[in-house]
């Protein structure tokens, strides 16, 4: 590298003309890309210092041009690259943050912890994002940023980061689709989303459940969190009495489909829920939520897993819909869905719901 040439370029940097400055920067970068042999040791450090100094004095348009060229370099000046990545202008930082493979994990973490949402979104679009960087984005990112990260399957998220994502998504419908569609989301966390997403996303969850092999299912269940499930709530005043009644009836094998339907028809709701929960293997709060929200698709899963026949499910559906307009027609529609639901898929889904109860009980103990 010719020092006289560099000296001349530094002198030109004093020019205030934007066109002359752009010409200067092009000359400097051309010199950098000319010879790999000249980009080593002290000369590389000098080159890095000069480029970093010059770029900080350039207007945005010139810095953008420099960033675009350096983003594709295999071994760009490290100091300059970090400066461009941290540039307050996202137009400057974006090509480097999204495309430069020369940025280290530490470089990205500094940006993720100190810059705004646009910088976080740019990092989230990288071909690969390490678990540490992803966690920093999950911690600081807003919901729009989190959506960008989740849609990037090249972004690796730890178990803990996935848990934070699901907690966030439970309260924000805008994140539902990105979470449910994420291929690497652990199945048990995916099933936590069942009761908060819309019907078409529930169908996707069931599809994912049906594809799980037994080993993957057991691994997913074993990875369940030891925390109180979000569905935990207070028990109704007559719960203890209802539980004693159902226990006594079960001892006599007196819990039959007509009896269950009778509980519901006579508005003995707590008895119905206690019996349904025990027979289907779900917790009381899950059964209660299904009934209160009239979630017939979830009820179909419970009934199919419990081995109830179609007519009993339809009876429940009509009673739950009660005086609602077109109740019989809606119940028939759900009956068709009931027929199409594989029992194995229903049972796998119930196992995830059951885990929510058991992990919550452990945590509460």
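Here are some notes:
- Failed condition for residue 331, given (1) at pLDDT 70 or above; (2) under 18 Å from residue 280 (Cβ atoms); (3) surrounded by 13 or more Cβ atoms within 10 Å (Cβ to Cβ); (4) more than 25 Å from the chain's Cα centre (by Cα): (2)
- Failed item in (1) surrounded by fewer than 20 Cβ atoms within 10 Å (Cβ to Cβ); (2) in contact with a helix residue (DSSP H, G or I) (Cβ under 6 Å, 6 or more places away or on another chain); (3) farther than 20 Å from residue 301 by Cβ, with residue 170 passing the rest: (3)
- Among (1) under 21 Å from residue 193 (Cβ atoms); (2) surrounded by fewer than 17 Cβ atoms within 10 Å (Cβ to Cβ) - the single one residue 259 does not satisfy: (1)
- Among (1) closer than 21 Å to residue 151 by Cα; (2) out of contact with any helix residue (DSSP H, G or I) (no Cβ under 9 Å at 6 or more places or on another chain), the one test that residue 114 misses: (1)
The values are calculated or read from the model by the stated rules, or taken from the named source; none is laboratory data. Just so it is clear, the structure is predicted and the values come from calculations on it, not from any experiment. In this analysis, Cβ positions are derived from the backbone assuming ideal geometry, glycine residues included, and neighbour counts consider all displayed protein chains.
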